Amino acid sequence: MWSDLARFAEINRNLYYLTFRCLPNQGRYCVTSLGLPLDEFIPQPDVQERFSIKVHAPAATVLDTACNFDMQSPRLVRMIFRMRELLMRASVAQKRKPQGLLEETRALGWGLLAQTPGLIICGATCRPWEADVTFTPIAPQEFTAFAEPDCVKIAWSLETESITPEVTVLSQETRVVSTDAQARLKFRRYWRWARFGIIAIRLLLLPAVRREAEKRWRKSGRPRQ
């Protein structure tokens, strides 16, 4: 089992660095906790990852594209999900139909914590170290105080900020916090090897969303300058 984990971690690590090296303008990686939307729900995370990318399209087009983008359409993303299933000996997944990111995550059990122009926040509680992960939504007003033992809370956001009417910064942030010491230990063991694949997925998705949003904007009759 541990040798399999080591091999999986090495593959994911290679994908992680390959993504950084080979994708042009693959997104800016930064970690900060100053005045960000997720502060309301997980102010002191155990893990915080934030990525941003500039898109030559209006904010409304960018956010709509991100919400409706099929996150398993890139082949490398599908491969990472499949490797996790094999390694963790997860149940054979039913054949999925192509669907948007927001629709699919909501169907998996993620709850909608906030939705305003330029912002989507979803969250859930789960035990990601288990083979078959079950996501359970938490009401927005209960999310911060939720403390059921032996699990983690995860919140993620899609954010758009207009630089000009036709240039937008798209940001994606994810935060994780454990509800107790036992869960924190289990999550750290899991995150030690899983983080490379998880972060690689985000680095693959941001440029893919950018390409799709810019293509939609060009087809609308307003070509990129």
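Can you name the number of the only condition in (1) at pLDDT 90 or above; (2) surrounded by 18 or more Cβ atoms within 10 Å (Cβ to Cβ) that residue 15 fails?
Looking at each condition in turn, residue 15 falls short on (1).
Checking the condition modelled with pLDDT of 80 or more and either at negative phi or among the hydrophobic types (A, V, I, L, M, F, W, C) (or both), which residue from 20, 81, 8 passes?
Step by step, each of 20, 81, 8 is checked, and only 81 is modelled with pLDDT of 80 or more and either at negative phi or among the hydrophobic types (A, V, I, L, M, F, W, C) (or both).
Residues that are among the small types (Gly, Ala, Ser), more than 29 Å from residue 215 (Cα to Cα), modelled with pLDDT of 95 or more and in a loop (DSSP other than H, G, I, E, B): does the stretch 98-112 have at least one?
yes
Could you pull out the residue among 138, 201, 154 that is at pLDDT below 95 and under 17 Å from residue 108 (Cβ atoms)?
One residue alone meets the criteria, 201.
All but one of (1) crowded, with 20+ Cβ neighbours inside 10 Å; (2) out of contact with any Ser or Thr (no Cβ under 8 Å at 6 or more places or on another chain) hold for residue 181; state the number of the condition that does not hold.
Condition (1) is where residue 181 drops out.
Could you tell me which of the residues 116, 174 is touching a residue at least 40 places away in the same chain (Cβ under 8 Å) and at negative phi?
174
Just to be sure I understand, how many residues within the stretch 149-172 are outside any strand (DSSP E or B) and either β-branched (Val, Ile, Thr) or buried (at least 16 other Cβ atoms within 10 Å of the Cβ) (or both)?
Summing the residues that are outside any strand (DSSP E or B) and either β-branched (Val, Ile, Thr) or buried (at least 16 other Cβ atoms within 10 Å of the Cβ) (or both) in the stretch 149-172 gives 2.
Restricting to the stretch 88-98, name every residue that is surrounded by fewer than 16 Cβ atoms within 10 Å (Cβ to Cβ) and either under 23 Å from residue 194 (Cα atoms) or within 20 Å of the chain's Cα centre (by Cα) (or both).
If the condition is that a residue be surrounded by fewer than 16 Cβ atoms within 10 Å (Cβ to Cβ) and either under 23 Å from residue 194 (Cα atoms) or within 20 Å of the chain's Cα centre (by Cα) (or both), then 89, 90, 91, 92, 93, 94, 96, 97, 98 are the ones that fit.
What single numbered condition from (1) more than 20 Å from the chain's Cα centre (by Cα); (2) closer than 24 Å to residue 103 by Cβ fails to hold for residue 199?
The number of the failed condition is (1).
For residue 120, are the conditions met, namely being within 19 Å of residue 37 (Cα to Cα), of a type outside the set (Gly, Ala, Ser), at pLDDT 95 or above and part of a strand (DSSP E or B)?
For residue 120, the condition - within 19 Å of residue 37 (Cα to Cα), of a type outside the set (Gly, Ala, Ser), at pLDDT 95 or above and part of a strand (DSSP E or B) - is met.
Could you list, in sequence order, the residues of the stretch 102-123 that are in contact with a helix residue (DSSP H, G or I) (Cβ under 8 Å, 6 or more places away or on another chain) and under 22 Å from residue 43 (Cβ atoms)?
Scanning the stretch 102-123 gives 111, 112, 113, 114, 118, 119, 120, 121, 122, 123.
Given the structure, is residue 78 over 23 Å from residue 218 (Cβ atoms), over 15 Å from the mean Cα position of the chain (by Cα) and either hydroxyl-bearing (Ser, Thr, Tyr) or part of a helix (DSSP H, G or I) (or both)?
no
In this structure, does residue 133 turn out to be part of a strand (DSSP E or B) and hydrophobic (A, V, I, L, M, F, W, C)?
So residue 133 does not fit the description; no.
Can you tell me how many residues in the stretch 42-61 are more than 16 Å from the chain's Cα centre (by Cα) and crowded, with 17+ Cβ neighbours inside 10 Å?
The qualifying residues number 6.
Does residue 37 qualify as being at pLDDT 95 or above, surrounded by 13 or more Cβ atoms within 10 Å (Cβ to Cβ) and in contact with a Leu (Cβ under 9 Å, 6 or more places away or on another chain)?
yes
The values are calculated or read from the model by the stated rules, or taken from the named source; none is laboratory data. These numbers come from a predicted model, not from an experiment. FYI the Cβ positions are ideal-geometry reconstructions off the backbone, even for glycines, and counts take in every protein chain you see.
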